[in-house]
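The values are calculated or read from the model by the stated rules, or taken from the named source; none is laboratory data. No experiment lies behind these values; they were computed from the predicted model shown. Quick reminder, even Gly has a Cβ in these numbers, built from the backbone with ideal geometry, and neighbours come from all protein chains shown. All accessible areas refer to the heavy atoms of the entire protein, side chains included, with ligands and DNA or RNA removed. Shrake-Rupley method; radii C 1.70, N 1.55, O 1.52, S 1.80 Å.
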Amino acid sequence: MDIFMDSYLRANLIAWLPIKKTDKVCYIGKPTDVIAKKLQELSDFTECVAGVCELAAYTKYDYLIRLGKAKQEELDAYAACLSVSGKLILAVENAYGMKYLAGAKDTGAGEYFGAVEALPSAAGMTLLELKTRLAKAGFRWQTAYYPFPDYYFAMSVYSDEYLPKQGELIDQIGNFDAERLVLFEEGKAFDAAVARGKFADFANSYLMAAGKDASGRLANEEGESVCYVKFSNDRGKRHNIRTLVTKSEDGKLHLLKLADNSKAAPQIERIKKTSRTLRELYRGTDFLVNGYTERKNGIELEFLRGHTLEEELDALLEQGQKKAAFDKMLEAFAAIRSIRDLKEFEMTDAFVEVFGQQELPAGLLSAPVSDIDLIMPNIFIGEDGSKTIIDYEWSFHFPVPLNFTIYRGIHYYADTTAMRRTLDPEALYEKAGICRQELTAYAAMEEAFQAYVLLGHTPMRQLYRECGKPAYHISSVLHVVDELERRRALQIYFDRGNGFCEADTVTYHSKALDGTYHLQIPIGEDVAKLRIDPGSQACTVEIERLSLGGKSGINLEFISNGHKMAGTMYLFDTDDPNILLTKLPAGPKTLFLDMRIESMSLAAAEWIAPKIDAKYKLKKILKK
C-alpha cells in the first residue's frame, strides 16, 4: 500500500486545478504526502493542517482541499474559512460506486458493501447527500467531477459537461489496500451505465468544487471552465502529457494538450512538428490532419464533432455486419498507404533506439514521418463524413515500416475483445499484405516501443502485479466452493440386508462453508446397518453428536477406518473415509448427527496418522 500511496500519480486528482502561485491554499492532510507536495508546487502559500480543529477562523483561503470526509459540521467549518470567491475541493467515495458494488471493500469500514449497507464507519455517500450537505453549509455553487478509476488514482476526470463514452472506462487499477471480490466485469457494467445515462450514479468517486459566491466557478486563466482531464503520465517523465477539454463562456469547447512537467515540453514540440509534416504528406488524400494553435505550456487542437472509426466498426459488428467492418478497415489501411513520398525502408540508429534491432524483409516502404498510433480510435469521422487523423503524439521523424502502423491498427482493434475477434485478425493481416516474418518482428518492435515509452518507469499496472492484493473472481470462488463442498459432501449408505450400494444412499451438503453438519436422518425399520462417508478425501472429523432419539453426545458404537486424535476428533488418512454403525436397534428411528468435516491433503494425513497411533500405543503401555 505504501508504494501506491507514495506514487506521484496520486497528485493527478488536484494537479489540473487552476491554482495560481498567489492563491492561499489549505490542505487537510499530511505535509509530506504527494498531494501536499504538488499543491506546494502550484502555490507559494500552501499550508497543511491535520484536521478541521486546526483551522484558524480568522484565515480566509482561496482553496481548501479535503479528501475522504464530508461531515456536516466539517463542511460548515470549511465554509467559514474560505474567502468570498474561495473554493472548496472535496473528494469522497460514492456509496454505490461500481467497484464497491463489484466487490471492492469500503475504505472507511474496511468491509464488503460497507457503504451500500450504510455502516456507521463507511466512507461512501451519494451525490445527492453530498450536494445537500454542501448547500446546507452555504455553498451556493457546486460542480461535480468524476475521477476515474477513483479519487485515489485519477487517470481521468470527467464532468457533466463531458461524460465518458462507451469503451473508455476499462483501465481499472488494482487494489493495493485489501483483497477484493470481482462479482462482474466493471468495464462492461460501466459501458451499460454510460449507455443508460447513469454514469454519475455509479462513478467510483466524486470530486466536488464548491463556493459561497453564486457567480463563482472553477476557471483557468482564460476564463474557461475545465470539463475533462486525461493524464498520460504513467510513463517516462519526458513523455508525460495531459489532455483537457475546457469550455469558454460563449459555450465553445476547447481541446488542449499540455506538458505534465517541464521535462515533457519537447514532447509537445514534436506534436507540433508532426502536425505540420503529416498535413503535407496526406495533402490530396482522404485524410485530413487535426490542426493546432499555440497555448500556454501546450497547444489547442481543433475540437471535432462526430465519432471515431472504432465506434463505427463496433456498431457494424453489433449489427452483425462483419464483412462491412472488415472492408471498412481495409479501406482505412488503403488511405494510410496513400501517403506521399514513400521510400524503401532503411533501418537507422534512431529506429534501433526505439524499436530495437529487427530482422525485416526487404522492400518494405516507409515515410519521412510515421504516425504509428494511427489506430481505429484515432481516425475521426466528422459529421460531414470527413476523416481526420487525431492524437498523433506517437509519431517518429525517421523511417518506420508503414506496415507496422497497419499491424498496430489491426492488433489494437481486431485482437482485443471477443466481438472484434470475429473479424479474424489473421485474415486481416494477410489481406493487408503483412507476412509471417513481419508479424514476428512487429510484435518485438511493439514490446521495444512500450519500453521506450516507459523510459525505465515502472507503471502502476506492473506494481499491482508485483505488490497488489488478491482479487477473487466470483466464478473462481464458486468453483473452489463447489469443489470443496463436493469433497466434503456427507453420504449415508443404508444396508437393508443385501449390503451397501450406491442406489440406496442419501447425500447431504453443508449449509455452512466451514463443513458443519446438523442432521436428523430418518432410518427405516428394515435398515440393519448404516455407513457414513464424511467426504471423498482425507480429512479430520469432529463428532459432537451421534445418537438416536435426540440424545446428546456419542451414544452409538461404531467402527471406522480413521485414527482417533483426541476427544471426539478423528483423522482419516484415506480418500474413502467411512464410519460404520452395525448395531442398530429394531424399528424405525431417527439418527441425530452433528459433525464438522475439515478436508486436508492425503500426504499430510498419511504423515500425521502414524504419529497419532504411536502416541496412543504409548499411553496404553503406560496405563498397564
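Partners of Lys323 within straight-line reach, counting lysines whose Cα lies under 20 Å from its Cα and excluding those fewer than 8 residues away in the same chain: Lys431.
Each of Gln142, Gly86, Leu64 was scored by the projection of its Cα onto the charge dipole of segment 57-149, and the greatest displacement toward the positive side belongs to Gly86; charges sit on the C-beta of Lys, Arg, Asp and Glu. Summing +1 for each Lys or Arg and -1 for each Asp or Glu among the other residues whose beta-carbon sits under 10 angstrom from that of Asp391 gives -2. Taking a ≥ b ≥ c as the square roots of the eigenvalues of the alpha carbon gyration tensor, segment 1-66 is oblate, as a/c is not under 1.5 and a/b does not beat b/c. Legend: calculated FRET efficiency, Thr348 to Ala427, from the Cβ-Cβ distance at R0 = 35 Å, rounded to 0.05, equals 0.60. Rounded to the nearest 0.05, what FRET efficiency do Asn261 and Trp607 have when you use their Cβ-Cβ distance and R0 = 51 Å? Once the sixth-power term is evaluated, E becomes 0.30. If you take all other residues with their beta carbon under 15 Å from the beta carbon of Ala77, and give Lys and Arg +1 and Asp and Glu -1, the sum is +3.
Provide the gained length on full extension for the span Asp575 to Arg279, in nm with one decimal, where the gain is 0.36 nm per separating residue minus the Cα-Cα distance.
Answer, rounded to one decimal: 99.2 nm.
Once all protein chains are placed together, Thr293 keeps about 80 Å² accessible to a 1.4 angstrom probe.
Taking each DSSP H run with n ≥ 4 as -39500 (n - 2.57) and averaging over every residue of the chain yields -9000 deg cm²/dmol at 222 nm. What percentages, rounded to whole numbers, describe P(r) for the chain computed over all alpha carbon pairs with 10 Å bin width beginning at zero? In order of increasing distance, the bins hold 3, 13, 19, 18, 14, 12, 10, 8, 4, 1, 0 percent.
Filter the GluC sites (Glu not before Pro) in segment 285-346 to those in DSSP coil with at most 10 other Cβ atoms within 10 Å of their Cβ, and list the result. The partial results should precede the final answer.
Numbers: sites: Glu294, Glu300, Glu302, Glu310, Glu311, Glu312, Glu318, Glu331, Glu344, Glu346; in loops: Glu302, Glu346.
Listed in order of number, the matching sites are Glu346.
Remark: accessible surface ordering of Lys21, Lys99 (largest first) is Lys21, Lys99, probe radius 1.4 Å.
Here the relative contact order of the chain, from alpha carbon pairs under 8 Å that lie six or more residues apart, stands at 9 percent.
The aspartates and glutamates whose alpha-carbon is closer than 15 Å to the alpha-carbon of Lys273, local same-chain residues fewer than 8 away aside, are Glu294, Glu300, Asp371, Asp391, Glu393.
Placing pseudo-labels 7 Å out from each Cα toward the beta carbon at Leu455 and Ala512 gives an inter-label distance of 5.9 nm. Over segment 399-493, the hull volume per residue, using the convex hull of the C-alpha atoms, is 189 Å³. For the chain, the Cβ-based charge dipole about the Cα centre amounts to some 1640 debye (Lys, Arg positive; Asp, Glu negative; other atoms uncharged). Here r is the Cβ-Cβ distance between Ser536 and Ile559 and R0 is 30 Å; the resulting FRET efficiency, rounded to 0.05, is 0.95. For Lys20, the solvent-accessible surface computed with a 1.4 Å probe is close to 100 Å², ligands and nucleic acids excluded. For the cross-link pairs Lys257/Lys328; Lys188/Lys272; Lys37/Lys257; Lys322/Lys343, the ones whose C-alpha atoms lie over 27 Å apart are Lys257/Lys328; Lys188/Lys272; Lys322/Lys343. With a 1.4 Å probe and all protein chains left in place, how much accessible area per residue does segment 39-194 have, in Å²? Each residue of segment 39-194 exposes 43 Å² on average to a 1.4 Å probe. Between the listed residues Thr440, His411, Leu428, the Cα displaced farthest toward the positive end of the dipole of segment 392-477, a dipole computed from Cβ unit charges relative to the Cα centre, is found at His411.
For the Cα trace of segment 473-624, dividing Rg by the Kirkwood Rh returns an Rg/Rh value of 1.00.
Note down, for segment 1-118, the three equivalent ellipsoid semi-axes (square root of 5 times each alpha carbon gyration tensor eigenvalue), biggest first, whole angstrom.
Each semi-axis is the square root of five times an eigenvalue, giving 27, 18, 12 Å.
Over the C-alpha trace of segment 234-303, radius of gyration and Dmax come out as 13.5, 37 angstrom. Legend: residues Tyr472, Tyr27, sorted from most to least accessible area (1.4 Å probe; ligands, DNA and RNA excluded), read Tyr472, Tyr27.
Once you order the gyration tensor axes a ≥ b ≥ c over the Cα atoms, which shape class does segment 183-241 get: rounded for a/c under 1.5, otherwise prolate or oblate by comparing a/b with b/c? Taking the square roots of the gyration eigenvalues as a ≥ b ≥ c, segment 183-241 is oblate.
Evaluating kT/(6 pi eta Rh) at 4 °C and 1.567 mPa s, with the Kirkwood radius of segment 174-278 over Cα pairs in the Stokes-Einstein relation, gives 74 µm² s⁻¹.
The overall shape of segment 393-440 is oblate: from the C-alpha gyration tensor, with semi-axes ordered a ≥ b ≥ c, the ratio a/c is 1.5 or greater and a/b is no larger than b/c. The order of Thr243, Thr458 by accessible area, most exposed first and with a 1.4 Å probe, is Thr458, Thr243. Pairs over the 18 Å Cα-Cα cut-off, from the set Lys198/Lys469; Lys20/Lys87; Lys551/Lys589; Lys529/Lys589; Lys38/Lys131: Lys198/Lys469; Lys38/Lys131.
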